[in-house]
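The values are calculated or read from the model by the stated rules, or taken from the named source; none is laboratory data. What you are looking at is a predicted structure, and each value in this text was computed from that prediction instead of being measured. Counting neighbours? That spans all protein chains shown, and the Cβs are built from the backbone with ideal geometry, glycine included. Surface accessibility is based on the protein's heavy atoms, side chains included, excluding ligands, DNA and RNA. Shrake-Rupley method; radii C 1.70, N 1.55, O 1.52, S 1.80 Å.
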Amino acid sequence: MTIERIIRIMAGAFILLSLALGIEGSPIFVSKWFLAFTAFVGFNLLQSGFTGFCPPEKLLAKMGVKRSEGGSCCG
């Protein structure tokens with residue numbers, strides 16, 4: 001699995017989990033404040049699209065995960 005795929009899976013999982021924890025109709029609702037985490041993940045995806053800076057990419061590269069052939073996940 002490549003860095004790009006891992007980051008996409010992580011972002012999707014974080015967004016879905018934080019929505020499930022932050023929406024009152026959810027069976028695992030905890031607090032509306034989990035929606036702030038959803039916004040944080042979305043903001044980081046947006047900024048990485050513009051700047052090319054992606055902290056998880058750096059961490060995964062140091063852990064030895066291979067990059068995709070098309071370049072980095074964030075630019």
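Starting from the Kirkwood radius over alpha-carbon pairs of the chain, derive D by Stokes-Einstein at 20 °C in a medium of 1.002 mPa s and give it in µm² s⁻¹. Result for D is 161 µm²/s.
If you keep only loop residues by DSSP, which trypsin sites (Lys or Arg not before Pro) in the chain have at most 14 other Cβ atoms within 10 Å of their Cβ? Can you show the working numbers first?
Numbers: sites: 5, 8, 32, 58, 62, 66, 67; in loops: 32, 66, 67.
In loop regions of the chain (DSSP not H, G, I, E or B), the sparsely surrounded trypsin sites (Lys or Arg not before Pro) are 32, 66, 67.
For the stretch 8-75, carbon and sulfur atoms together expose 71% of the accessible surface, with a 1.4 angstrom probe and every protein chain in place. Counting only protein heavy atoms and a 1.4 Å probe, the chain has 71 square angstrom of accessible area per residue.
Taking 16 Å as the straight-line reach from the Cα of residue 58, the aspartates and glutamates in range (excluding those fewer than 8 positions away in the same chain) are 4.
May I ask you to list the chymotrypsin sites (Phe, Trp or Tyr not before Pro) in the stretch 1-50 that are in a DSSP loop and have at most 10 other Cβ atoms within 10 Å of their Cβ? Walk me through the numbers before you get to the answer.
Working: sites: 14, 29, 33, 34, 37, 40, 43, 50; in loops: 29, 33.
Filter output for the stretch 1-50: 33.
Considering Cα pairs under 8 angstrom that are at least six residues apart, work out the relative contact order of the chain and quote it in whole percent.
Details: 76 pairs, mean separation 29.0, N = 75.
After rounding, I find 39 percent.
Placing dummy labels 7 Å off each Cα toward the beta-carbon, the span from residue 40 to residue 14 is 0.8 nm.
Of the residues 39, 27, 64, the one whose Cα sits farthest toward the positive end of the charge dipole of the chain, with +1 on the Cβ of Lys and Arg and -1 on the Cβ of Asp and Glu, is 64. What angle do you read, to the nearest 10 degrees and between 0 and 90, between the alpha-carbon axis of helix 34-51 and the longest principal axis of the chain? Result, in degrees: 20. If I stretch the segment between residue 63 and residue 33 completely, what's the gain in nm (0.36 nm per residue apart, minus their alpha carbon distance), one decimal? Length gained, residue 63 through residue 33: 7.6 nm.
Using a simple spin-label model with pseudo-atoms 7 Å out from Cα toward Cβ, residue 51 and residue 23 lie 3.0 nm apart.
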